[in-house]
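Read through the structure below, which is laid out as structure tokens, and then see the notes.
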Amino acid sequence: MPAFDHLQGLTDEEARGRLARYGPNLVHEPSRRTILQIARDTLREPMFLLLVLAAGLYLLVGDLAEGLFLSVGALLSLSLVVIQETRSEHALQALNALAAPQARVIRAGVVRAIPAAELVPDDLVVVGEGVRIPADALLVDGDVLEVDESALTGESMSVAKRPASGPSSQDHHPAPGDKAGHCLFASTLIVRGQGVAKVTRTGAATEVGRIGVELADMAEGPTLLQRDVRRLVRIIGLLALFACLLVALAYGLLRDDWFGGALSGLTLAISLVPEEFPMVLTIFMALGALRLARRNVLVRRSAVIETLGATTLLCVDKTGTITENKMRLSCAWQAGNLYELAGGPEEAGELLEAAQRASALHPHDPMDLAVQEAAGTAPAGKPLRSYPLTPQFLAFAQVWADEAGGVIYAAKGAHETILALCDDDRETLEAAKAAADRLGALGKRVLAVATARFATDPQAEPDRVRYHLLGLLGFEDPVRADVPAALRQASEAGVSVAMITGDFEPTALAIARAAGIATDAEAVTGHSITSGEPIPEGARVFARIKPVQKLKLVEGFRQAGHVVAMTGDGINDAPALAAADIGIAMGQRGTDVAREASDLVLLDDSFASIIGGIGQGRRIFANLRRAMTYIAAVHVPVAGLALLPILLGLPPMLYPMHLVLLELLIDPLCALVFENEPGDPDSMRKPPRRRAEPLFGLRQIAIAALQGSVLLAATLGLYGFMNSSGANPEAARTAAFIALVSGHLSLALSVSGAAGGRLFSRERILFWVIGAAAALVLTVSVSLPAMREILRLSPPDPWVLAASVAIGVAAGGWFALVRALSSTASPSPLLVRNFHQQ
């Protein structure tokens, strides 16, 4: 940045050497789950405990082949889960890297953003309002800062920090809370001002590190939904063990076969436990968050993915989200004349000079930068005092010494604030107000500039001074090129967009019209919100809004039944971001406080990325629901086939080794195939789902039960028919098992919604790979004598093979056919219509 040209900082080579010497700027290393930890956690799940118990039972009675088969199957199943969980862990680590704190440093004279962990002693760090200090440092240039050090001292009052006057200041390291110091401490927050600080201590050597503060780990705990699902799986696991004991007792007492009873009980217990639920949730949340990050939407709290697709109202800031946040000073009004400032005419020279005196020395604000660019050379010297903009005084003022020994107050800000403080005649003030209204109606951002001269310094606050109006400045901030199309997409998706700005009403309405936001209703002002007036139903443009009023907007919209996503970037935006259903912080211009209060961080500050994130959220939610439906559906025939043959007096159909094979098939299908599904192409042309609509509610349970029951009836019917027609138990079991596997694959396609040309799309390559692997495993299982003996199968006749596959495909895929046929009929059957609404 030009204002810091006199500061060079370290070179890259020097920084690398110091990083190797002092280590990363981390108080603690973020915890990561190793492969061994993942394996240990997985082995605690009921499913694997039951498999180990079954394998031990076989080995105990001397059936070495079947015991080893179960052991190898359990190991393969464990390996598959570990691989998928490791993939999720890598996704979370990638997200943590994106979410890691950043610092703006000056290296070799260039300001750049680097991870805060790479800071080293003697680095020059650019700090400003809303920034959390990344390391202990000495303030060497810039404004007087106000710093909140309550994280270290417990005191809520902020303290002032002044630039160090010389090298001797660097030898003094006051404790946190020192009200006249120059030192900044890691983890404290800058409340006001901006400057440059020289890093003195990093990592564990900082004040935070030395007093042993334990920083919260970046890794998130489980979401509410994940905790509920895991609790459900454990409850079902206990019920499965109880059912296991009952079946074993009944089998042993009725058939006098205690070993067979134990196997049947274990088989039923294994078939009942939906252990895939927590794994699928973990994988979907981690990989879904990574997919969103690729669309420049960083997920800080994974629970928000459950809410993202239900958003009904987006409250977005105008500047930088709707517009480009690249201010250009386009015109000036002075003494009744309007000037175009393409080349900076001499007529506006006095006005521009005063505006520059009323701008920060090291500007970050886009309008200050635009003034600096238009005015050229900065005024000599430094201001005596600066008065930043506050909610009570919507202007920035600075006091300068003049050549005659007096002082000049230069103020720049909202024209309502400045005009109210001017002593000019009534006609001049009314003409200025009319000019501001005309410029605002043209979409210009209007600031008024005024000065006051005194022979001696009155030491007065800027709102106690009477000024002379110099004129108005008109700024342009064009609408982002991608915003109109994104707004149309939001409208098609049933998501309303409300624009919030500090501009006054004509400017706000002009920009809203240019962007494509509904302007049927009048703009609502911050005064109306503060006075408690109800928000009009159709109001979507909000002008003269202060950050504190955003919270009232959020509360009002939520009370009206909206699921609200709110954007923000400042310290004062944090309460609104936290209160919204989805808080969205700006990644480029947002403060650390806003990011910490948010659920999402917009890496490119683009409105189009928000809309793309909503679309991804809907896809993730829909695919997660389909995976849950599939898991529940496939457990119905598996559990039924483990129990019903025993109750009907038929030979047992499923043994633990069959369930191992099915487990190796189900896990990749529900975790990998469904997560990779492209989603409904019409998802962004449908209204948002209801706030209270559960991920896996009664509707999904009913659909899963129906689909699973049909597959159970078809497979059990085939098994019973084969047994009653004189086939041996192995032949009957083979036919039913082939039908069951075919039904699982067909059911996966049915639940995923594949139809027509989409059946062979690129996203479904993984499905066909798994299907081919399943066919290969079945072929090997009925072809190799050793496998046939372990699995108690036999080679099927061709007609039995064809019939089994046909029955399985029909029983698993019938719902997709009904859905396809019903899509052309009106009205559609209730159940099918409910399925469409998933």
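Can you list the HN-Hα couplings for region 244-249, worked out from phi with the Karplus curve (6.51, -1.76, 1.60; θ = phi - 60°), rounded to whole Hz and with x for Gly and Pro?
Working through the residues one at a time gives 4, 5, 5, 5, 4, 5 Hz.
Largest first and in whole Å, what are the equivalent-ellipsoid semi-axes of region 348-413 based on the Cα gyration tensor, each being the root of 5 times an eigenvalue?
Square roots of five times the eigenvalues give 17, 16, 10 Å.
Counting only heavy atoms of protein chains, what accessible area per residue, in Å², does region 583-627 have with a probe of 1.4 Å?
That works out to 19 Å² per residue.
Using a Cα-Cα cut-off of under 19 Å, which lysines could be cross-linked to Lys382, ignoring same-chain neighbours fewer than 8 residues away?
Result set, ordered by chain and number: Lys161, Lys412.
In nanometres, what is the gap between the two model label sites at Phe454 and Asp365, each 7 Å from Cα along Cα-to-Cβ?
So the label points at Phe454 and Asp365 sit 2.1 nm apart.
Short version: what are the Cα gyration tensor semi-axes of region 583-644, square root of 5 times each eigenvalue, largest first, in whole Å?
Equivalent ellipsoid of region 583-644: 42, 13, 5 Å, largest first.
Quick one: what are the phi-derived ³J(HN,Hα) couplings along region 290-305, Karplus 6.51/-1.76/1.60 with θ = phi - 60°, whole Hz, x for glycine and proline?
5, 4, 5, 4, 5, 9, 6, 10, 8, 8, 8, 10, 5, 4, 5, 4
Cα-based Rg of region 617-697 per 2.2 N^0.38 Å, rounded to two decimals?
Here the answer is 1.47, to two decimals.
Assuming 0.36 nm per residue, please report the length gained on full extension of the stretch Leu245 to Arg21 beyond their Cα-Cα distance.
74.4 nm
Using 0.36 nm per residue of separation minus the Cα-Cα distance, give me the extension gain between Asp423 and Ala713 in nm, one decimal.
95.4 nm
Assign one of three labels to region 649-756, namely rounded, prolate or oblate, based on the Cα gyration tensor with a ≥ b ≥ c the square roots of its eigenvalues; rounded applies when a/c is under 1.5, prolate when it is not and a/b is larger than b/c, and oblate otherwise.
Since a/c reaches 1.5 and a/b is larger than b/c, the shape of region 649-756 is classed as prolate.
For Gly142, what residues show an amide H to amide H distance below 5 Å, using hydrogens built from the backbone and excluding near sequence neighbours?
Residues meeting the amide H criterion: Val196.
How long are the semi-axes of the equivalent ellipsoid of region 295-435, taking √(5λ) for every eigenvalue λ of the Cα gyration tensor, in whole Å from largest down?
36, 19, 17
Using θ = phi - 60° and the Karplus form 6.51 cos²θ - 1.76 cosθ + 1.60, what ³J(HN,Hα) does each residue of region 636-646 get, whole Hz, x for Gly and Pro?
Whole-Hz 3J(HN,Hα) from phi for region 636-646: 5, x, 5, 5, x, 6, 7, 9, 5, x, 5.
Quick one: which residues, 5 or more positions from Ser330 or on another chain, have an amide H under 5 Å from its amide H? H modelled 1.01 Å from N in the peptide plane, none for Pro or chain starts.
Under 5 Å from the amide H of Ser330 lie the amide H atoms of Gly474, Phe475, Glu476, each far enough along the sequence or on another chain.
For Glu129, what residues show an amide H to amide H distance below 5 Å, using hydrogens built from the backbone and excluding near sequence neighbours?
Placed amide hydrogens put Gly193 under 5 Å from Glu129.
Determine which lysines satisfy two conditions relative to Lys326: a Cα distance under 17 Å, and not lying fewer than 8 residues away in the same chain.
Answer for Lys326, where 17 Å is the Cα cut-off: Lys318, Lys444, listed by chain and number.
Which of rounded, prolate or oblate describes region 459-567 when judged by the alpha-carbon gyration tensor and an a/c cut-off of 1.5?
Cα axes put region 459-567 in the oblate bin.
Could you sort the peptides 528-534, 332-338, 300-306 by per-residue average Cβ neighbour count (10 Å cutoff), highest mean leading?
300-306, 332-338, 528-534
If I model a spin label as a point 7 Å beyond the Cα along the Cα-Cβ vector, how far apart are those points for Leu648 and Lys686 in nm?
Roughly 3.6 nm, to one decimal.
The values are calculated or read from the model by the stated rules, or taken from the named source; none is laboratory data. These figures come from a predicted structure and were not determined experimentally. Counting neighbours? That spans all protein chains shown, and the Cβs are built from the backbone with ideal geometry, glycine included. We work out accessible area using only protein heavy atoms, side chains counted, and drop any ligands, DNA or RNA first. Shrake-Rupley method; radii C 1.70, N 1.55, O 1.52, S 1.80 Å.
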